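Only one structure is covered here, and it is reproduced in the block below.
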Amino acid sequence: MLRLVKTGAEGEGPCTDVLEINQPGDLRDIGNLGLTLAEAKRLLAGVQREIVAAQAREHADRRPTCPHCSGVCRVKDYRDHAVATLFGEVTVRLPRFRCAACSGIEAGVGWPSHCRSTPELDRLQAHLCAVMTYRTAADLLKQTFPVDAGKHHATLRRHTLKVGEALGECAAVRPETAASAIVVTLDSTFIRSCAEGERHPEVRVGNVETQSGGRQVFGAVAKADTDIRALIRRNLDAVGRTKDTALTAFTDGCPGLRRILADAGVVGPPILDWFHVAMRLQHLKQIASALPVDDPARAEAKAATVAEVERLHWRIWNGKARDAQVSIDRIRAVMHHFQGEPDQRRSTAPSRKLWTALQALDRYLAGQSAWLADYAERHRAGLRVGTAITEGTANFLVNRRMNKSQQMRWSRRGADLLLQVRCAVHNGTLGSGFGQKFQPANDTYPQMTIAA
Ligand SMILES: [Zn+2]
């Protein structure tokens, strides 16, 4: 029998029997060792009930001063409040007070209106729902905790979206130190829509980084509640942007994203993220290395192509994209050697793939020429050349929880609000307002917590 005894300065007070434990003393079976989960849950729930009852008794002894006339309040009546906690639902018996002087009613608690759960439970629910499906989160809570309320996945979804909504209303808390330079990155990805026939909603994700390595991620679903421009401004504020801060932006080269950045006050021209250029070059290299070498002329042409792709890479990296055309022309000049490949008409033939990839890169570089930088020079100066990290962020924020393999379909609003919770979990700011917990080195820890 487990008994809870109140002890204080005056010695032992009243006691309550919390739980009868019937585990056998016979340890031949390992299954008999220690408390079972069911007993632990009953124990937690029992202790919680007793603690809450004791707190309520103590609370009722208080006599608050009247906020209107500073008179002394007396207990008017009692009301029962059912509140879901992490350790079960409790009924709290709370007094209402009346001022003896002016007859004003005083609640005596500063709880939010219609308060039905503790902030800790709300936060844990939202956190779990951010990293796993609502159904799995509901199941996990039910298995692990004596949680009575909110165990249905639809309830969890409703609660989580409410947390997301509240996060959107938080104002940025500026850090004490101003940031001299901030790198902003913005990228986009897609999620599967639940509306029949609707296109996959676009999701904009990005991050802000200071030179000291501090980072905050953000994201918003297009045409949903969250205004991405306001979100970027708030994130800049949260990492210490002032009017003197040097802002550098990276994008994937989409004009829509450039416009968003400009609207958010990031006025300098955004640099095309090296990551996106490098991916295309990598693709080209793979194709070149798969070219056939079944006769000497082809072997020579392949060697020339592979070398020229390397040179192309070097040129773009060194800010000489204008000379890219030279490389592209040289590759074209030797391509005829690969004509007459057995399946040359098919798009899977290496020479056809090379041709297509080359055309695409040519168009891409022509369209992006204004946004290319001397990446090598930036790199030597210790500056960012891009944000493979943003790709990682996109994966983190969107794909792991919201992508196609999860077989989920999303409403714009639901995805947008859940994304706000995911960002807060990732930034380590869930339950603490917007950006309050921002630390210059918050990179590793939050990533581990969200690795689901
Ligand atoms: Zn009063």
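The values are calculated or read from the model by the stated rules, or taken from the named source; none is laboratory data. Remember, predicted model here, so these are calculated numbers, not experimental data. Please note: Cβ atoms are built from the backbone with ideal geometry, for glycine as well, and neighbour counts cover all protein chains shown. Each accessible area value is taken on the protein alone, full model and side chains, heavy atoms only, with ligands, DNA and RNA left out. Shrake-Rupley method; radii C 1.70, N 1.55, O 1.52, S 1.80 Å.
In the range 238-343, if every C-alpha pair distance is counted and binned at 5 Å from zero, what percent goes to each bin? The distribution over the range 238-343 is 2, 10, 16, 16, 13, 11, 9, 7, 6, 4, 3, 2, 1, given as percents. Full extension of the chain segment joining ASN399 with ARG158 gains 84.6 nm, where the gain is 0.36 nm per residue of separation less the Cα-Cα distance.
Each principal axis of the Cα cloud of the range 2-99 was taken in turn, and the coordinate range along them, longest first, works out to 69, 32, 16 Å. Computed over the range 168-296, the alpha-carbon pair-distance distribution with 5 angstrom bins reads 2, 10, 17, 18, 15, 12, 8, 6, 4, 3, 2, 1, 1, 0, each value a whole percent.
Accessible surface ranking for MET132, MET279, MET1, 1.4 angstrom probe, highest first: MET1, MET279, MET132.
Taking only C-alpha pairs under 8 Å that are 6+ residues apart, what is the relative contact order of the range 64-120 in percent? Contact order relative to length: 36 percent.
Other residues lying with their Cβ under 13 Å from the Cβ of ALA107 contribute a combined charge of +3, Lys and Arg counting +1, Asp and Glu -1. Label positions at THR136 and ARG259, each projected 7 Å from the Cα along the C-beta direction, are separated by 3.7 nm.
The residues ASP416, ASP227, sorted by heavy-atom accessible surface at 1.4 Å with ligands and nucleic acids left out, run ASP227, ASP416 from largest to smallest. For PHE190 and ASP323, the difference between the fully extended length at 0.36 nm per residue and the C-alpha to C-alpha distance is 44.5 nm.
Potential lengthening of the chain between LYS151 and ASP244 amounts to 28.6 nm, from the contour at 0.36 nm per residue minus the alpha-carbon distance. Sorted largest first by accessible area at a 1.4 angstrom probe radius, with every protein chain in place, the residues SER193, SER289 fall in the order SER289, SER193.
By how many degrees, between 0 and 90 and to the nearest 10, does the Cα long axis of helix 228-238 differ from the longest principal axis of the chain? Its long axis makes an angle of about 70 degrees. Compared with the dominant principal axis of the Cα atoms in the chain, helix 134-144 is inclined by about 40°.
Kirkwood hydrodynamic radius, the range 288-372, all distinct C-alpha pairs: what's the number in Å?
13.4 Å
Across the options ASN395, LEU261, ALA54, the greatest Cα extent toward the positive end of the charge dipole of the chain (unit charges at beta carbon of Lys, Arg, Asp, Glu) belongs to LEU261. Measuring how big the chain is from its alpha-carbon positions, Rg and Dmax come out at 30.6, 106 Å. When only Cα pairs below 8 angstrom with a gap of at least 6 residues are kept, the chain shows a relative contact order of 16 percent.
At the residue level, CYS69 shows approximately 60 square angstrom of accessible surface with a 1.4 angstrom probe and all protein chains present. Rolling a 1.4 Å probe across all protein chains gives ASP252 an accessible area of roughly 30 Å². Placing dummy labels 7 Å off each Cα toward the beta-carbon, the span from GLU176 to VAL72 is 4.4 nm. The mean sequence distance of close C-alpha pairs (under 8 Å, at least 6 residues apart), as a share of the length of the range 16-119, puts its relative contact order at 21 percent.
Once you mark the trypsin sites (Lys or Arg not before Pro) that are in a DSSP loop and have at most 13 other Cβ atoms within 10 Å, what is the longest gap between them in the chain? So the longest stretch without any such site is 63-198.
Note down the net charge around GLN143, summing +1 for each Lys or Arg and -1 for each Asp or Glu among other residues with Cβ under 13 Å from its Cβ. Counting the neighbours of GLN143, the net charge comes to +3. Look at where the Cα atoms of the range 147-208 and of the range 276-340 average out, and the two centres are 42 Å apart.
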